[in-house]
Every structure is written in C-alpha cells, then in structure tokens.
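Participant: Supplied in structure tokens, the structure appears directly below.
Every read-out reported here was derived from the displayed coordinates using simple, explicitly stated rules and does not represent laboratory data. Quantities reported herein were computed from a predicted structural model and do not represent experimental measurements. Here Cβ is always computed from backbone atoms with ideal geometry, including for glycine, and neighbour counts include all displayed protein chains.
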2 protein chains.
Amino acid sequence: MSANIKDVALKAGVSIATVSLVLNNNTRISSETKRKVLKAVKELDYHPSRSARGLVSNITGNIGFILTDDHFLKTEPFYTRIFLGSEFAARESEYYILLATIDSKFKEGDSLPRFLKEKNVDGIIIAGKVPLDFIDVVSKLEIPFVFVDYYPQQGDFPVVIIDNVKGGFTATQHLINLRHQKIGFIGADIMHPSISDRLYGYKSALQNSNLYFDESFIVTEEDYPNRACGYSAAKKLYEKKPDITAIFACNDAMAIGAMHFLKDNGLKITGDVSLIGFDDVEADLMLDPPLTTIHVPKIELGTEALNLLMKVIKNNSSPKKILVPIELVVRESTRKLN
Amino acid sequence: MSANIKDVALKAGVSIATVSLVLNNNTRISSETKRKVLKAVKELDYHPSRSARGLVSNITGNIGFILTDDHFLKTEPFYTRIFLGSEFAARESEYYILLATIDSKFKEGDSLPRFLKEKNVDGIIIAGKVPLDFIDVVSKLEIPFVFVDYYPQQGDFPVVIIDNVKGGFTATQHLINLRHQKIGFIGADIMHPSISDRLYGYKSALQNSNLYFDESFIVTEEDYPNRACGYSAAKKLYEKKPDITAIFACNDAMAIGAMHFLKDNGLKITGDVSLIGFDDVEADLMLDPPLTTIHVPKIELGTEALNLLMKVIKNNSSPKKILVPIELVVRESTRKLN
DNA sequence: TTCAATCGGTTAAACGTTTAACTTAAAATT
DNA sequence: AATTTTAAGTTAAACGTTTAACCGATTGAA
C-alpha cells in the first residue's frame, strides 16, 4: 500500500494533525515544520486519501461536466475542446472531472448520470445548450453549477461565455470594411441565444453603417447548424438574393456547407462572393480557400469555466458573467470588393 | 443531509451490518429482512457514501478512460462514441468514469492525469493507439486496464476490438463481387495495427480471387488518416494507376477526402469509380453519394470495454480478446461494373 | 437426550482523514 | 514580577461504511 498520513507524520517527527494542517495551508504552522512535512510528503510520494478526506469533510473532489449527446458528438470538435480546457485546468486543482452526456431531448424524470443521482459532485459545469427541464432538475439538487457557452434567458446564473453580439458585429464589420454592401446571413436554430446574438450583431453593424437591409438577406433553418444545413441555407439565400457579394455564416460548420454549395454551383470564393464563419474550428484551415472566421477560444472557455466554478464552490460567489474575448481571423475566404 | 446507513437500519428495524450485507448481496440474509431493508432504502432514497465505502474497502469506484488528445479531437466522432458506450454502461454499474487525455507524443516523465498520479481508479480503459511509453508507465501502476480499438503488438492484454482483417477482406470482397478487378487501396499510418490489418484483409481478398495485384495499387501516407490525407492519397493513386475502377479507403475520413479529390477532378462516383470506406461515421450519410462502408459498432465497443474491465477487476480474469462483429453497409458509392 | 452444525443476524473494530478543543511555551503587557 | 496574549503544535472525536468474529436459536445427527 502507499503511504498514509501516519507515515508522513512519523517521518517528519510531528503529529498527524500537523501534517493535515500543513497540507491545508493552515497558518498556524511554522515555516520550519512546514518544510519538514513537505519534504516527507515528497519523499513518500504521499497523496491524501480522497475517501477519508471526503468522509469527514463532505467534499467529494469531483466536478461534473455535462452536455447533450449531440453536442458531444458534433463533427467539429467544439465542446470536446472546452472539456479539454476544463480537464487540463483540473489537473492543477484538487478536482476530478466526470464527463456525462444527457439526452438532447431530456425530460423531467429521465435517467440522470449516476454522479448526479448520488450527489457525488461538488459542482457542475453545463456546456452548451441543454433542455430547460434539465436545468430545473439540476437547480433542485442544490449543487453549485456554472454554464459555459450558453445560459438560459430567465434566471441569473454564473456563466462563462463569449460576446456573441460583438462577434456578429465584428464579422459583419469586416465585410463592410471590405466594401461589401449586400451581405447575407445564414443561420439555424434561431432560438439559440448565441445565434440570435450573432444575428443581432450582424444587424447592428449594417445599421451602424447605414446600409440598406431587409429580412430577405437572412436565411435561418430550423434545425441544428451543421454542414448540411449550411448547404441548404446558402441555396435558399441565392434563390432569394442572387446578387449578394458576401455571406456571414453563423458558424463554421454552416460556412463549410455553404462553401460546398458554392463550389457545386460554380461560384468562386472570393471571385464571386466572400464568406466568413464563426468559431474557428480545425477544418477551416484545410478548406480551399481557408476560411476567414471569428476565433472562439474554446480551451480558454473550459479553463475559465472550471476556475469560475471553483470560486462559486469556495466563496459561494454570486452569479457572475465572464466574457472571454474573441478575435477576427482573416484568412482567404474574404476579399475587398472592387 | 441525505440518509445514511443508520437511518435505513432504524427504519427497517435491523442493525447497520444487516443493511450493509443486504446491499452487498450477502446470502446470509433472509428474503424477508432483505425486503424490509430494500424498502427502507427506497423510501429514504439512500445511496451509500462512496467515501466511507472506499475508505474501508479500498475501492475507489472510479474508472479512468484515457485516449490521446488528437483522437479525442478527431473530426469524425469515433472515440467519443466509444466513450459514450462506456459511460452509458457505467450508469448501470457501480462506477464513475473519469475521462482524461494524454499527449499523443507522451514521453516517460510527462505529466499524468491526476487520477493516475494518485492511483484513484480501480481500472483503466485505454482507447485507441497510445504511445508505448504510456503503456509502460501504466503497466507499472498495477492498476487493471483493458484496451479498446487498439492493442500493442508485444504483450498479452485484455482487449476489445473489431476484426480488421475480416473487415478489409469483406470490403474488398464486396468490390470483387461487383466485378471490380482493379481495386486501389489508400491508407495512412501503416504502423497502426488496425490499418495494416485492413490492408492485409484487402490483399487476402484479392489473392483469394486470383486477381492480379501489385504494390502500385497501394498508396499509404505517412501521417494520420484524415480527410486531407485521403485527398492526397487519391491523387497519388490516380497518378500511378489511372485505370482503377474502385477504391478501398482505410477509413471513412480518407474516403471523404478521396471523394473530394474525385469531384474536383470530374470523376463520377459510381460512373467512373466505386468507393468504399471503413468505420461508418455519421458524415457518410450526408455525402453525395452516401458512402458504402464497413460498420464499426462504436457504442458497443465502449460498453464491451467497460464490461470486460469489470470482469478483469472482479475475477482478476486472464487476458482475453473480445471481437465485436462488423458489418458491410451498402449505400450508393459502390456499383456493379458493367 | 445431547451435541454439533447451520441459519440469520449483531457487535465492534478498522479504514485515513479533518478540526474543535486543548496544551504548552514564549512573548507582550501591565 | 505577575498576568495576558499569541504562536505552534497535539489530542481525540467524528465521518459512514465493511467485515471478521461472535452469538443465540433452530435443526439434524448420534
């Protein structure tokens, strides 16, 4: 068996209480004893037993990371990257991360991940849009939670998110700066706050530059904003507005779909049309031409979410909104209109 | 606070030992008492404390699920599905799953996931190819582990895998059945056992049908078998063998890349060439035409891996190889040669 | 009829921590 | 010099289980 607190105490010549206090950064201990204890800890490669610690302190040391299965299975690894950010941050912290998915059509009464049933997490990260029913269930659990990359309209929760309005504005402004005037927007699942915010940013930018605009510049599909959706939306957009010179897709997946449509129909990027996406997924670089987009720092969203959750757990901090900055990434799919 | 074993014992009118024995399916208990206890458990929504249980029994109740970061971030959700299978199976079991990634260039001495450093898992699932250095490190930990969708050549380990040779054979045989004779193979990372097995199956099928064949029908790229790789491999293949009538891609990602190459060069599927992939990823259905492929039951791989691991943990079972059956899925990218 | 075996359960120790309450010595205050 | 305060550490109880050892009652064998 591996060393326990007794072994450390013996080796350092102190009581087990002292070892515990040192490890919990109690100020009552002199720096000399601290040094001795830490030395013994290192030499014995001692790690406190989570079970013992949890038993007495009622801390599980676990963090739940929850998202819907279809978000998890998305083709463009977006939420997986956010998870990675959290997981990486957790390596530095006291916590383990338990990843679980829920049904994207979760209803009250549906089976929950085990660690929720048993209340075996100290906090929860909810990534991406989840059914309101699920939020209701989680709220009743009395376990602290934070949202990342999504939060529900009603209610006031701690959340880590990007400024989607600003992103939409920036993307559109980029096209305007390139002298484009007829700029189409393709989106989907318009009830999703991120997407409606991006659309709002798009409209604001146009308005801000006094550009003519009407609803026929906008195509929004019903379902999930994926490649297939981008293809069909681009198609519809061209049927309505064949004279557009630029397209802003609400995310890169749709932009990729749109790109396929354009290729299939002999439309050249950037000869005939400029295209900008949103997210900055890996695939963008492989495209021909590489996609101009708004960079979303996914890893950072994950680490920030974990850090915020830690604060919520520790200080019982009040609802707080953390905005992670985004950035325009100019590649080759947008060009100045001549 | 939630109920503990004392509350249950009180309610059922027995000792806490009895409650514990019932919950651990000890045979010493009469069915009548068992019933009483179970009733009390249900009424109080009692869940044993993992900490307390772990403290006395030295069982953590955690399973580690480990894969390289680039496998986790793959565009086609393959390993995420395997994870999902394991996660779902774990809901029925006693265990929590801790997902962690390691660097795809992991070297001895690199930072390990926390739960490994602290030996806080009862078993490990290793998904996909991982560096040998990592396997060495894990072996020294004396924690049971199983491989899924990969295992190293040397050594004898418990593993859940598909029959890649058979898959390669089946795919090729399908093309042969459609009267194709000049069948190209595109692959990558040929050191990967799955891929070399598929190639072996391809060769066997050709040989089995006495078809003429030489190495120039085969193109293998150095790096990871992704879309970009499929594009370039298809290109090279056509430069060497412009008269092929069918292509077997070692996985769907490469098949998709190849499809793009074919489209870009005015080659029609299935008019000019038939194409078959391997894996059966979601994207296949969106393609034009939908891709014929070998279906790999990813969820099942995950559940089987978890189940096997449980057996290894419990019975200390000997190394065992579980073969999960694959299946040919005929869609529209392959057609009889006329 | 007596003794051993079996059945169905209980008692109590142990697991490895945390932390409130306590102790002792030294320093500061009166 | 006597008293109080502070600093630095120790003692011991508590957390909620599991499980070996134990116990009494019933059954079976001799």
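Participant: Summing Lys, Arg as +1 and Asp, Glu as -1, what charge do residues with Cβ under 15 Å from the Cβ of residue B:209 carry, residue B:209 excluded?
Facilitator: Charge balance near residue B:209 sits at +3.
Participant: Under 5 Å between amide hydrogens, which residues at least 5 positions from residue B:123 or on another chain qualify, with H placed 1.01 Å from N in the peptide plane?
Facilitator: B:64
Participant: Between residue A:268 and residue A:236, what is the label-point separation in nm under the 7 Å Cα-to-beta-carbon projection?
Facilitator: Computed distance between label sites residue A:236 and residue A:268 equals 3.0 nm.
Participant: List B:237, B:23 from most exposed to least, where exposure is judged by having the fewest other Cβ atoms within 10 Å.
Facilitator: Listing B:237, B:23 from fewest to most nearby Cβ atoms yields B:23, B:237.
Participant: How far, in degrees from 0 to 90, does helix B:227-240 lean away from the longest principal axis of the Cα atoms of chain B, to the nearest 10?
Facilitator: The answer is roughly 30 degrees.
Participant: Here's something else I'd like to know. Quickly estimate the mean residue ellipticity at 222 nm for chain A, helices only: each DSSP H run with n ≥ 4 gives -39500 (n - 2.57), and the total goes over all residues, rounded to 500.
Facilitator: -13000 deg cm²/dmol
Participant: Mind listing which trypsin sites (Lys or Arg not before Pro) in the stretch A:279-333 are in a DSSP loop and have 15 or fewer other Cβ atoms within 10 Å? Display every interim value, and only then the final one.
Facilitator: Details: sites: A:298, A:311, A:314, A:320, A:321, A:331; in loops: A:320, A:331.
When the trypsin sites (Lys or Arg not before Pro) of the stretch A:279-333 are filtered for loop state and at most 15 Cβ neighbours within 10 Å, A:320 remain.
Participant: Now, a different point. Just grab the label-to-label distance for residue B:38 and residue B:190, each label 7 Å out from Cα along the Cβ direction, in nm (one decimal).
Facilitator: 5.9 nm
Participant: Where does helix A:31-44 land angle-wise versus the long Cα axis of chain A, in degrees 0 to 90, nearest 10?
Facilitator: The angle comes out at about 80 degrees.
Participant: What list do you get for A:337, B:287, B:323, A:309 if you sort them by fewest beta carbons within 10 Å?
Facilitator: By the 10 Å Cβ count, ascending, the order reads B:323, A:337, B:287, A:309.
Participant: Can I ask one more? Normalised by the residues of chain B, what does the relative contact order come to in percent, with Cα pairs under 8 Å and at least six apart?
Facilitator: Rounded, it is 17 percent for chain B.
Participant: Tell me the distances, shortest first, between residue B:338 and the same position across the other copies, using label points 7 Å along Cα→Cβ, in nm to one decimal.
Facilitator: For residue B:338, the inter-copy label distances come out at 4.7 nm.
Participant: Related question: For the Cα atoms of chain A, what angle does the longest principal axis make with the long axis of helix A:193-208, in degrees from 0 to 90, nearest 10?
Facilitator: Around 50 degrees separate the two axes.
Participant: Among A:49, A:57, A:20, determine the one that fluctuates most according to a GNM of chain A built with springs between C-alpha atoms less than 10 Å apart.
Facilitator: In the Gaussian network model the winner is A:20.
Participant: Hey, in the GNM for chain A with a 10 angstrom Cα cutoff, which one of A:281, A:137, A:22 fluctuates hardest?
Facilitator: Looking only at A:281, A:137, A:22, the largest GNM fluctuation is found for A:22.
Participant: Give, as a single signed number, the net charge of other residues whose beta carbon lies under 15 Å from the beta carbon of residue A:40, with Lys and Arg counted +1 and Asp and Glu -1.
Facilitator: Once positives and negatives cancel, what remains is +3.
Participant: A follow-up question, please. Show me the ranking of peptides B:112-118, A:263-269 by mean Cβ neighbours inside 10 Å, starting with the highest.
Facilitator: Per-residue mean Cβ counts within 10 Å order the peptides as B:112-118, A:263-269.
Participant: Right, next: Ranked by Cβ crowding within 10 angstrom, fewest neighbours first, how are A:223, B:279 ordered?
Facilitator: Neighbour counts put them in this order, fewest first: A:223, B:279.
Participant: A further question on this structure: Cα-based Rg of the stretch A:200-300 per 2.2 N^0.38 Å, rounded to two decimals?
Facilitator: Compactness ratio reported: 1.05.
Participant: For labels at residue A:163 and residue B:328 in the simple 7 Å Cα→Cβ model, what's the distance in nm?
Facilitator: In this crude label model, residue A:163 to residue B:328 measures out at 5.8 nm.
Participant: Moving to a separate point now. In Å and on Cα atoms, what radius of gyration and Dmax does the stretch A:5-48 show?
Facilitator: Answer for the stretch A:5-48, Rg first and Dmax second: 8.9, 24 Å.
Participant: Right, next: When the Karplus curve 6.51 cos²θ - 1.76 cosθ + 1.60 is applied with θ = phi - 60°, which whole-Hz ³J(HN,Hα) does each residue of the stretch A:71-84 get, with x for Gly and Pro?
Facilitator: Calculated HN-Hα couplings, in order: 5, 5, 8, 3, 5, 7, x, 9, 6, 4, 5, 4, 4, 4 Hz.
Participant: Tell me the distances, shortest first, between residue B:208 and the same position across the other copies, using label points 7 Å along Cα→Cβ, in nm to one decimal.
Facilitator: Copy-to-copy label distances for residue B:208: 6.4 nm.
Participant: Based on the Cβ-Cβ distance from residue B:215 to residue A:3, what FRET efficiency comes out when R0 is 45 Å, to the nearest 0.05?
Facilitator: With a Förster radius of 45 Å, E is 0.20.
Participant: Output ³J(HN,Hα) for the stretch A:291-302: one whole-Hz value per residue in order, computed from phi by the Karplus curve 6.51 cos²θ - 1.76 cosθ + 1.60 with θ = phi - 60°, and x for Gly and Pro.
Facilitator: 8, 6, 7, 9, 6, 10, x, 6, 4, 5, 4, x
Participant: Oh, and also: To one decimal in nm, how far is residue A:32 from the same spot in the other copies, if labels go 7 Å from Cα toward Cβ? Please give the shortest first.
Facilitator: 6.8
Participant: May I ask for the net charge around residue B:93, where only other residues with Cβ less than 14 Å from the Cβ of residue B:93 are counted and Lys, Arg are +1 while Asp, Glu are -1?
Facilitator: The answer is 0.
Participant: Report the antiparallel proportion of the DSSP beta bridges in the protein assembly as shown as a percent, rounded to a multiple of 5.
Facilitator: 10 percent
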